[in-house]
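Q: Structure provided below as C-alpha cells; questions to follow.
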Amino acid sequence: MATALHLQRGLRERLRRGEVEITVVEPQAYFTYHPLLAEVAAGSIDPRHVVVPLRRILPDCRVVTARITRIEHFARRVLADVASPGEPPVPVELPYDILVVAPGSVSRTAPVPGLAEHGLRFSTVGEAVNLRNHVLEQLDLASATRDPALRHAALTFVFVGAGYAGVGALAELEDMARTAVRTYHNVRAEDLRWVLAEATDRILPGEASDLAEHALGQLRERGVDIRLGTTLESALGGVVALSDGSRFEARTLVWTAGVRPSPLLRESDLPLDTLGRVRCLATLQAVGPDGRALPGVWAAGDCAAVPDPDADGAPCAPNAQHAFAQAELLARNIAVALDGGPHAPGLVGYRPGPAACSTSLGLRRAVAHTRRGGRLTGRRAWWLHRARHLWRLPSAERRVRVLMDWVFGGVFSRETVSLGAMEHPRTTFEDGFDPGSGRPPGAGPEAPR
C-alpha cells in the first residue's frame, strides 16, 4: 500500500493521462496500521481509526479485493480468488508489466502441543479487539468465581515472544487491566500475574541494548515475570509448561514470537532465499538466477531479503522502519526505471537511515530513538512515540481521529467494558429458536398453508 501511495503521487499526471495503471491486490479493502494495535487492544484508540479504506487513499489506483493464489512471473500474470461470504470463490487473472511484491509477513508459529487450541494471536485489528475483550472477561470471571484455582488461572496472562509486538501489547494491556480492577470489589492489581517468555537472552532484540535494559527494568518494576532464554513447551489443557521447568494454569496465552514471510511467495516462480523471502538487490529489484536484476519484479518490506550495508550485507530486519523507507525508495526507483529502463543510472540502493524505532510501555512510558542518534525514555519517549506514529498514518482524517482519541483519553478515564458478545451477534437470536420447530419459543401455532 505504501509503495502504491508514493507511486500515485509521483506518477499522478501519467495516471490521469492513462499512460500508466496501478493495480493493488489485497484480501481486505483497507490498510491496517499495525504499530498502533497495542493501543487498540488497550482501548486507547477506536479500532476503526487504525484502518484506512484503500479506495479512499488510492483514488488514482485500481483496487482489487482478492486473495492471490499464485504468481507466474514468466507468464506475467497473477492468479487470484474473489470471494464473497457463503459463495464459492471466483478466480480472476491479472496480467502485468511490472510486479511489486509486498504481501508482508504472517505470525510464525511452532508445533507446540495445545498452542492451536489455547493460543491467541496479535496481528490484526480483530485479534487486538478480541484480546482486549478476553482480558476483561477474565477479570469478570475471577471476580465471580469461588474456585481459587480457576480464579488464579483467570488472572494469569502469558505472552510468548518479547519483540516490539509482544512487549507493547503486554505493557498496554497490563496498564489497562490495572485501571480496570479499580472497579472490582474483590480483585486487586496485585492479584494479576503477567508472564513474558522470550527464547533469547534479552527483550526487544532489534533495539539498542541500553533501551532494552531500561524496558526490562520498567516491566519488572511493575511486577511482570520475565523469563529470558525460555520457550513454551506445551499448553495442553490450559496448563502452560515452560522450558525452565515451571508449570501453571493460565486462561490467557498470547503468541507474539516473531513473523515469517507470507506463504503466498511459495506459490510463485520468484527466486526466494532459505527463509522464503524474495532475494533482492540493494535497488529493491528481485535477483534472477544469474545474479542480475530480474526484469519487471520489485520487492520491499518483510517479504524481501534486502541487503543491509550496515550489517555486512545481511538482510534487513523485518520491521516497520525498514518497510516504510523501502516503500518510498521503491516508488522512486520504479519511476526512474519507467523513464530509463531497469538499468537506469538513476536507480538508488537502499541504505537504512538512523534508527527511529520506539516502543510504548503503557501510559506515559516508552523507549525511543531520535533521528539524530539520541535515545529517550519515559514521558518524552512516549510523546515522541505517539507523534511519530501519528505522522506515519497515511490519512489526514485518521490522524485527526486518533489524535482526538488520545485527547479524550487524557480527559476521561479509560473505557473498560468487554464487548465480547459483539463478536457473535447472532448467538442470542439463534439460541431463541426451538430446535424441533425451527421457530422462537413462545411463538404461536404455525399458520395454515
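Q: Of all residues in the range 16-49 being surrounded by 17 or more Cβ atoms within 10 Å (Cβ to Cβ) and among the polar types (S, T, N, Q), which is farthest from residue 85 (Cα to Cα)?
A: Only one residue fits best here, namely 44.
Q: Now for a different question. Would you mention how many residues in the range 220-235 are of a type in the set (D, E, K, R) and either touching a Pro at 6+ places or on another chain (Cβ under 9 Å) or part of a strand (DSSP E or B) (or both)?
A: Here is the first cut: in the range 220-235, the ones of a type in the set (D, E, K, R) are 220-222, 225, 227, 233.
Now drop any that are not either touching a Pro at 6+ places or on another chain (Cβ under 9 Å) or part of a strand (DSSP E or B) (or both), which leaves 225, 227, 233.
Here the count works out to 3.
Q: Take residue 78 and tell me if it is in a strand (DSSP E or B), buried (at least 17 other Cβ atoms within 10 Å of the Cβ), touching a Phe, Trp or Tyr at 6+ places or on another chain (Cβ under 9 Å) and not assigned by TED's automatic domain parsing to the domain that holds residue 297.
A: no
Q: Taking residue 52 as the residue in question, decide whether it is β-branched (Val, Ile, Thr), assigned to a strand (DSSP E or B), surrounded by 18 or more Cβ atoms within 10 Å (Cβ to Cβ) and not assigned by TED's automatic domain parsing to the domain that holds residue 299.
A: On the way: β-branched (Val, Ile, Thr): yes; assigned to a strand (DSSP E or B): yes; surrounded by 18 or more Cβ atoms within 10 Å (Cβ to Cβ): yes; not assigned by TED's automatic domain parsing to the domain that holds residue 299: yes.
Yes.
Q: Looking at this structure, is residue 85 part of a loop (DSSP other than H, G, I, E, B), closer than 25 Å to residue 169 by Cα and more than 23 Å from the chain's Cα centre (by Cα)?
A: no
Q: Before we move on, is residue 196 modelled with pLDDT of 95 or more, farther than 23 Å from residue 113 by Cα and not polar (S, T, N, Q)?
A: no
Q: Which strands (runs of 3 or more DSSP E) does the range 96-207 wholly contain that include 1 or more residues that are closer than 22 Å to residue 276 by Cβ and of a type outside the set (Val, Ile, Thr)? Spell out how you get there, then give the answer.
A: Numbers: elements: 99-101, 105-107, 156-160, 193-198.
In the range 96-207, the matching strands (runs of 3 or more DSSP E) lie at 99-101, 105-107.
Q: Moving on. Limited to the range 184-234, what total is found for residues that are closer than 23 Å to residue 137 by Cβ and surrounded by fewer than 19 Cβ atoms within 10 Å (Cβ to Cβ)?
A: Matching residues across the range 184-234 total 11.
Q: Hey, can you tell me all the residues within the range 370-393 that are more than 16 Å from residue 44 (Cβ to Cβ) and touching a residue at least 40 places away in the same chain (Cβ under 8 Å)?
A: Passing the criteria: 375, 377, 392.
Q: Under 8 Å by Cβ, and 6 or more places apart or on different chains, what pairs join a residue from the range 252-267 that is part of a helix (DSSP H, G or I) with one that is crowded, with 23+ Cβ neighbours inside 10 Å and basic (Lys, Arg)?
A: So the pair list comes out as 265/277.
Q: Would you mind stating whether residue 158 is in contact (Cβ under 8 Å) with a residue 24 or more places away in the chain, crowded, with 17+ Cβ neighbours inside 10 Å, over 20 Å from residue 262 (Cα atoms) and within 18 Å of the chain's Cα centre (by Cα)?
A: no
Q: Could you list all residues from the range 64-75 that are small (Gly, Ala, Ser) and surrounded by 15 or more Cβ atoms within 10 Å (Cβ to Cβ)?
A: Matches in the range 64-75: 66 only.
Q: Take residues that are modelled with pLDDT of 80 or more and in the same structural domain as residue 167 (by TED's automatic domain parsing) and tell me which of the helices (runs of 4 or more DSSP H) falling wholly in the range 348-449 contain 2 or more. Steps first, please.
A: On the way: elements: 378-392, 396-411, 427-431.
Result: 378-392, 396-411.
Q: Further, regarding this structure: Before we move on, is residue 184 within 22 Å of residue 367 (Cβ to Cβ) and aromatic (Phe, Trp, Tyr)?
A: For residue 184, the condition - within 22 Å of residue 367 (Cβ to Cβ) and aromatic (Phe, Trp, Tyr) - is not met.
Q: Counting just the residues of the range 261-275 that are over 15 Å from residue 70 (Cβ atoms) and not polar (S, T, N, Q), which one comes out surrounded by the fewest Cβ atoms within 10 Å (Cβ to Cβ)?
A: Ranking the candidates gives 275 first.
Q: Could you list, in sequence order, all residues of the range 16-45 that are farther than 27 Å from residue 70 by Cα and touching a residue at least 12 places away in the same chain (Cβ under 8 Å)?
A: Scanning the range 16-45 gives 16, 35, 36, 37, 38, 39, 40, 41, 42, 43, 44, 45.
The values are calculated or read from the model by the stated rules, or taken from the named source; none is laboratory data. Please read all numbers here as calculations on a predicted model, not as lab measurements. FYI the Cβ positions are ideal-geometry reconstructions off the backbone, even for glycines, and counts take in every protein chain you see.
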